[in-house]
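The structure appears below as C-alpha cells.
The values are calculated or read from the model by the stated rules, or taken from the named source; none is laboratory data. Everything numeric here is computed off the predicted structure, so don't read it as measured data. Quick reminder, even Gly has a Cβ in these numbers, built from the backbone with ideal geometry, and neighbours come from all protein chains shown. In case anyone asks, the SASA skips ligands and DNA or RNA and just uses the protein heavy atoms, side chains included. Shrake-Rupley method; radii C 1.70, N 1.55, O 1.52, S 1.80 Å.
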Amino acid sequence: MRAGAPPRSADLYHLKPGNLSGAVILISAVAATAAGSWLSIHDAVLPWALGQIVLAAALVEWFVLLHECGHDTLFRAHALHRPVGYVAGFFALIPFECWRRIHARHHRWTGWQDLDPTTVALTPRPRSRFQCWAVNVCWKYWIPLFSTTYRVDNFWNLPRLLRLFRSDRRARRCFIANLTAQAAIYAVVLLLVGPLPLARMVGVALMLTFMVEDVLLLSQHTHVPMGLSQGRAVEPYSALAQEPFTRSVRLPAWLSRVWLHFDAHELHHMYPFVPGYRLNEVSYAAANEVSWRQWVPAARAIPGELFLFQNRNESGFDV
C-alpha cells in the first residue's frame, strides 16, 4: 500500500475477473453450504453448533457472491453472472434482479443521501419515540434489525421497486418474475422440510449471518457525512470522488480473503470494475479505513438513533 493520489482507473483495467477464479470461489461456497447443512442436521449439539457457524459464514459468502454477480466481476464470461446471481440471491435472501438494479443506483448516487435508494431512509426527518427506542435496543443488543429491513425495504418491497423504476418496463417485469419465483421456491422448501426442522437447520445460522451483515453493511456508509439534494437537480459523484462518502472496516486478513475483500469498501466504490478478490492488488491506502477491533466497539457505544440518523459532524462521535 502507498499513500498519496489514488491510481487512475485506466491503470487498473488489467485487474479483470477470471473464469477459473470465479469457479473456485463458487465451488467453495457450495462446499461450505453443503458442509454446514450436513452438520446442522445432526442431533448432537456440538456438530449442530459447528454447522450453524459454518453455514452462517457460507451465507455471508453467498451475499458477497451476489454482490460480485451484480457487478459482473465474478467471472470473465458475463453470461455466467445471471444464473449464479439467482442462486446467490436465493441463499442471500435477496432477489438478484432487484439487487442488480438497486445496487447500480446506489453506486450512481453515493454521496447524495436522499437519492441513494439504500440510504434515503436515514435522511433527517422527525421520528417517533418508539422508532428511536427500537433502533437503540436493536443496535445495543445486536438484534439484526438493520440487515432485515435492508432486505425487506430495498429488495422485497415491490410497490417501492415499481415506483423507483416506473419508466423501465423490462425492470418491472423482471422484479415481479424474480420475486414471485423466489418466494415460491421458499414456500416449497418450507412445505417439504417443515417449519420446525427448517428452523433448527438454518435459524441460528441466519441470525448469525444477519448479525455479521449488520456490521458489514452499516460500517460502509452510516454516520458518514453526505449531501442532500432536497429535490434539486444534482450531478452524481464520479467513482473516484466517492471515497469521502464510504468507510472500510478492515477484517482479519484471512477473513477478508474468504469474503473476497468485501471490507475494502472504499476501493470498491472507487474501482467498481475490479473483482473483489483482486482489490488487494490495488496499491492505495484508503483514507477512511479502520480496524474492526477499533470501529465495532466505538460504533456500538453510540446510541442507535444517533449512529443511524446523524453523521459524525452532527453527533460529535468520530467513527
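Ligands, DNA and RNA are left out, and with a 1.4 angstrom probe the accessible area of the range 162-319 is 50 Å² per residue. In terms of packing, defined here as the mean over residues of other Cβ atoms within 10 angstrom, the peptides 184-191, 292-299 line up highest first as 292-299, 184-191.
When the dipole is taken about the Cα centre of the chain, and only Lys, Arg (+1) and Asp, Glu (-1) are charged at their Cβ, what size is it in debye, to the nearest 20? Don't skip to the answer; put the middle values down first.
Numbers: 30 positive and 21 negative charges, 152 e Å.
Roughly 740 debye for the chain.
Note that the chain shows a convex hull volume over its alpha carbon atoms of 153 Å³ per residue.
Near Leu26, once Lys and Arg are set to +1 and Asp and Glu to -1 for all other residues with Cβ below 13 Å from its Cβ, the sum equals -2.
What's the Cα-based Rg to Rh of the range 269-319, Rh via Kirkwood?
Over the Cα atoms of the range 269-319, Rg/Rh equals 1.09.
Centroid-to-centroid, using Cα positions, the range 282-297 and the range 183-208 are 36 Å apart. Projecting each Cα onto the charge dipole of the chain (Lys/Arg +1, Asp/Glu -1 at the beta carbon, about the Cα centre), which of Met226, Trp259, Trp109 comes out farthest on the positive side? Towards the positive end, the residue furthest out is Trp109. When shorter helices are ignored and each DSSP H run of at least 4 residues is given -39500 (n - 2.57), the per-residue value for the chain at 222 nm works out to -19000 deg cm²/dmol.
When the alpha carbon gyration tensor of the range 27-145 is reduced to an equivalent ellipsoid, the three semi-axes, largest first, read 31, 25, 9 Å.
Across all directions, the shadow cast by the convex hull of the range 115-239 built on its C-alpha atoms averages 10.6 square nanometres.
Share of carbon and sulfur in the accessible area of the range 1-147 stands at 69%, probe radius 1.4 Å. Projected onto their three principal axes, the Cα atoms of the range 192-319 cover extents of 51, 37, 33 Å, largest first.
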